[in-house]
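Every number in this text was worked out from the coordinates using simple rules, so none of it is lab data. All of these numbers come straight from a predicted model, not from anything done at the bench. Quick reminder, even Gly has a Cβ in these numbers, built from the backbone with ideal geometry, and neighbours come from all protein chains shown.
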Amino acid sequence: MIETRGLTKRYGPTLAVDDLSFTVQPGRVTGFLGPNGAGKSTTMRMILGLDRPTSGHALIGGRPYEDLPHPLREVGALLDAKWVHPHRSARAHLRWLARSNRLPAARVDEVLDQVGLTAVADRRAGTFSLGMSQRLGIAGALLGDPGVLLFDEPVNGLDPEGIVWIRRFMRDLAAEGRSVLVSSHLLPEMALTATDLVVIGRGRLIAESSTAEFVEGAVTSTVRVRSPQLLELAEVLMRQGIDVRAEPGDDASLVVTGTGIARIGELAAGAGVVLHELALQRGSLEEAFMHITGHDVEYSAGGSAVDRNDSAVLAAAGR
Ligand SMILES: Nc1ncnc2c1ncn2[C@@H]1O[C@H](COP(=O)(O)OP(=O)(O)OP(=O)(O)O)[C@@H](O)[C@H]1O
């Protein structure tokens, strides 16, 4: 389990992480979601003891990283796949990692096999594609067979096959009972990978919930209604306080927001209005996330744009 409580990091005038408290449960893939510059990497570095919090703390299995007697046995991380020495083979790199962390050498072949790199284990890491480098980074994270794993934007730049592999691999790791925290700036990606979400913006917690709940709140559904009695129908719905709008260039249908098809059908029947079509239209996840991260936090001028952005997310998450 990972827990952060009041975690805060200030770099000079920049408040990179602001009073952040969340929990990452075992047996789940938790997506750590936020736009570029939201503070995801900084948070992960603090969890891993690579950066000192200005205040607050992060705990792994109840202890701060620096108090872990055998860190690699407790926590593994993939932060930057390209930090491997380019002239070292994958196997030599992992052997060095195992030796310097007093882990059994036999683990090297096990993790190479686990990530599917056995056949290229003696090739120099500098010749690896990004996907292979990611696998090598993951092999390193798994050497100590840790219960907690952190992945920083692991699918960035991967081809579709690599993306599918990583998604499945993370889910398998969680199914083994591990706590898996994976960062991304893409909601659609997280919706396919994560069971839970921790969403941050400008260093602050915006939502902590199951992915299903978050997506449900973020995606707006509308209903398209076609009727030969459109005006009467609009009046019936508006009398109930239901939001109705016409689509430009389409005078045969209405778009209704904030209520389901059953209620619209019942209200129409009650008023004797004939319907030709009732169609539920779900907004896409891309649209939802555009709405949520409508402003790039790093590059927006002043604070107000970000505040609007944050409140949109709060509304979307029903908080
Ligand atoms: N070493 C540092 N010195 C100064 N500012 C930093 C440092 N590291 C991060 N920051 C700033 O802290 C904020 C959060 O950055 P961070 O990299 O944690 O965000 P992120 O969510 O991981 O974004 P990205 O997806 O772009 O990596 C940004 O404003 C960034 O410029």
Over the range 71-191, how many percent of alpha carbon pairs lie in each 5 Å bin up to the one with the longest distance? 2, 12, 23, 26, 21, 12, 4, 1
Lys/Arg +1, Asp/Glu -1 at C-beta; the chain dipole; positive extreme among L142, L267, T30: L142
Taking the alpha-carbon set of the chain, what are its Rg and Dmax in Å? 24.3, 79
If packing is taken as the mean number of other Cβ atoms within 10 Å per residue, what is the order of 195-204, 88-97, highest first? 195-204, 88-97
Angle between the chain longest axis and helix 90-100 axis [Cα atoms, degrees, rounded to 10]: 70
Length-normalised contact order of the chain, Cα under 8 Å, at least 6 apart, in percent, tallies to 21
Tilt, helix 160-175 to longest principal axis of the chain (alpha-carbon atoms), in degrees rounded to tens, equals 80
Any idea what the dipole of the range 2-210 comes to, in debye rounded to 20, about its Cα centre with Lys/Arg Cβ at +1 and Asp/Glu Cβ at -1? 480
Treating only the Cα positions of the range 219-293 as identical point scatterers, give the base-10 log of I(q)/I(0) from the Debye formula at each q in 0.28 Å⁻¹. -1.36
Sorted by average packing, counted as other Cβ atoms within 10 angstrom per residue and highest first, what order do 273-282, 255-264 take? 255-264, 273-282
Among A194, N101, S41, whose Cα projects farthest towards the positive end of the dipole of the range 2-210, with charges put on the beta-carbon of Lys, Arg (+1) and Asp, Glu (-1)? N101
Going highest first, how would you order 235-241, 205-211 by mean Cβ packing within 10 Å? 205-211, 235-241
